[in-house]
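Engineer: One structure follows; several queries about it will come next.
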Amino acid sequence: MKAHTKETQSTMTPEKALNFLLEGNQRFLLNIRINRNYLEQVRDTSEGQFPFATVLSCIDSRIPTEIIFDQGVGDLFNARIAGNFVNDDIIGSLEFACKVAGSKLIMVLGHTSCGAIKGACDDVHLGKLTQMLEKIKPAVNAVQTEAEEARNSSNLDFVNKVSIENVKIATKAIRDSSEVLRDMIDKHEIEVVGAIYDVSSGRVELI
């Protein structure tokens, strides 16, 4: 499998890019991988890159995006931050990925059992982590629970619901916060989708 070129990237649509990711995740689940010469892809991309999709995900070590989507060198842009939330720097990176470098899809990828989400649920205070977790609090507050349910990391169902809500908030923020990306969405040049990765199974499911 060769690295993507300007020509192959130009044939991509948002729908095709999403299918590439989901089909890659299916191969990952079946332990069937496309044969790639990574060093050849390194050489092929040494003078330019043409990723077809961008993934905003958590820093969690269990979610190496190229592996779980069975992609190679030069296929994906990656923006990674604990809790996969959006700020101005992330938005700027996404604008570069799509408007400048031609990416056709933005996927916000949360995951189950997320440590950052657990920290926000538990109201953890620790150095700079405190202000970072504040970015996730809107998702915590948005999830409704029964009176007897715990609203902390001891309730994994609650944690995972917050992860889903956090992805929804991030996808909306991407659309609302960037005129550049919103214009591309309106013209159907790109799409923004949300998904959750299950750290127990390896499966990616769209939200």
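Engineer: Quick one: which residues, 5+ away or cross-chain, put their amide H under 5 Å from the amide H of Asn84? H built at 1.01 Å from N.
Structural biologist: Cys58, Ile59
Engineer: In vacuo Debye scattering of the chain, one point per C-alpha: log10 I(q)/I(0) at q = 0.10, 0.11, 0.12, 0.13 Å⁻¹?
Structural biologist: Computed log10 I(q)/I(0) values: -0.44, -0.53, -0.62, -0.72.
Engineer: When all alpha-carbon pairs of region 1-47 are counted, what percent fall beyond 12 Å?
Structural biologist: Looking at region 1-47, the distances longer than 12 Å represent 70 percent of pairs.
Engineer: List the GluC sites (Glu not before Pro) within region 112-186 that DSSP assigns to loop and that have no more than 14 neighbouring Cβ atoms inside 10 Å.
Structural biologist: Numbers: sites: Glu134, Glu146, Glu148, Glu149, Glu165, Glu179; in loops: Glu134, Glu146, Glu148, Glu149.
In loop regions of region 112-186 (DSSP not H, G, I, E or B), the sparsely surrounded GluC sites (Glu not before Pro) are Glu134, Glu146, Glu148, Glu149.
Engineer: Would you compute, from DSSP H runs of 4+ residues alone, the mean residue ellipticity of the chain at 222 nm, taking -39500 (n - 2.57) per run and dividing by the full residue count, rounded to the nearest 500?
Structural biologist: It lands at -12000 deg cm²/dmol.
Engineer: Further question: Which whole-Hz couplings ³J(HN,Hα) result when phi for each residue of region 59-76 is put into the Karplus expression 6.51 cos²θ - 1.76 cosθ + 1.60, θ = phi - 60°, listed in order with x for Gly and Pro?
Structural biologist: 6, 3, 5, 7, 10, x, 4, 4, 6, 6, 9, 6, 10, x, 5, x, 8, 10
Engineer: How big is region 78-148 in terms of Cα radius of gyration and Dmax, in angstroms?
Structural biologist: Reported Rg and Dmax, both Å: 14.7, 50.
Engineer: Shifting gears a bit: Can you list the trypsin sites (Lys or Arg not before Pro) in region 115-147 that are in a DSSP coil and have 13 or fewer other beta carbons within 10 angstrom? Walk me through the numbers before you get to the answer.
Structural biologist: Details: sites: Lys118, Lys128, Lys135; in loops: Lys128, Lys135.
Passing both the DSSP loop test and the Cβ count: Lys128.
Engineer: Continuing with this model, one more query. Measure off 7 Å from each Cα along the Cα-to-Cβ vector at Asp89 and Met1, then give the distance between these two points in nanometres to one decimal.
Structural biologist: The two pseudo-label positions are separated by 3.1 nm.
Engineer: Could you give me the percent of Cα pairs per 5 Å distance bin for region 1-105, shortest bin first, beginning at zero and ending with the bin that holds the maximum distance?
Structural biologist: 2, 13, 21, 24, 23, 13, 4, 0
Engineer: Right, next: What FRET efficiency would be calculated for the residue pair Gln131, Asn152, taking the C-beta separation as r and a Förster radius of 22 Å, to the nearest 0.05?
Structural biologist: Efficiency computed from Cβ-Cβ geometry: 0.65.
Engineer: For the residue pair Arg182 and Leu39, what label-to-label distance in nm results when each label sits 7 Å from Cα along the Cα-to-beta-carbon direction?
Structural biologist: Taking the two extended label points, one gets 4.9 nm.
Engineer: Still on this structure: Return a whole-number percent for the relative contact order of region 1-132, with Cα pairs under 8 Å and 6 or more residues apart as the contact set.
Structural biologist: Working: 175 pairs, mean separation 39.5, N = 132.
Reported relative contact order: 30 percent.
Engineer: Read phi for every residue in region 183-199 and hand back ³J(HN,Hα) as whole Hz from Karplus 6.51 cos²θ - 1.76 cosθ + 1.60, θ = phi - 60°, with x for Gly and Pro.
Structural biologist: Going residue by residue, I get 5, 5, 5, 4, 8, 6, 7, 9, 9, 10, 10, x, 8, 10, 9, 8, 6 Hz, with x marking Gly and Pro.
Engineer: If you don't mind, another one. Just to be sure I understand the model, the point goes 7 Å from the Cα along the line to the Cβ. What's the resulting Ser200 to Ala101 distance in nm?
Structural biologist: 3.5 nm
Engineer: To continue, here is another question. On alpha-carbon atoms, Rg over Rh for region 161-200 using Kirkwood Rh?
Structural biologist: 1.08
Engineer: List the residues whose amide H sits under 5 Å from the amide H of His111, counting only those 5 or more places along or on another chain, with H placed 1.01 Å from N in the peptide plane.
Structural biologist: Long-range HN contacts for His111: Tyr197.
Engineer: Quick one: give the max-minus-min coordinate of the C-alpha atoms of region 89-207 along each principal axis, largest first, in Å.
Structural biologist: That works out to 47, 33, 24 Å along the principal axes.
Bear in mind these aren't lab numbers, they're just calculated from the coordinates by the rules spelled out. Keep in mind that this is a model prediction, so the values were computed, not measured. Neighbour counts are summed over all protein chains in view; Cβ atoms, including those assigned to glycine, are modelled from backbone coordinates with ideal geometry.
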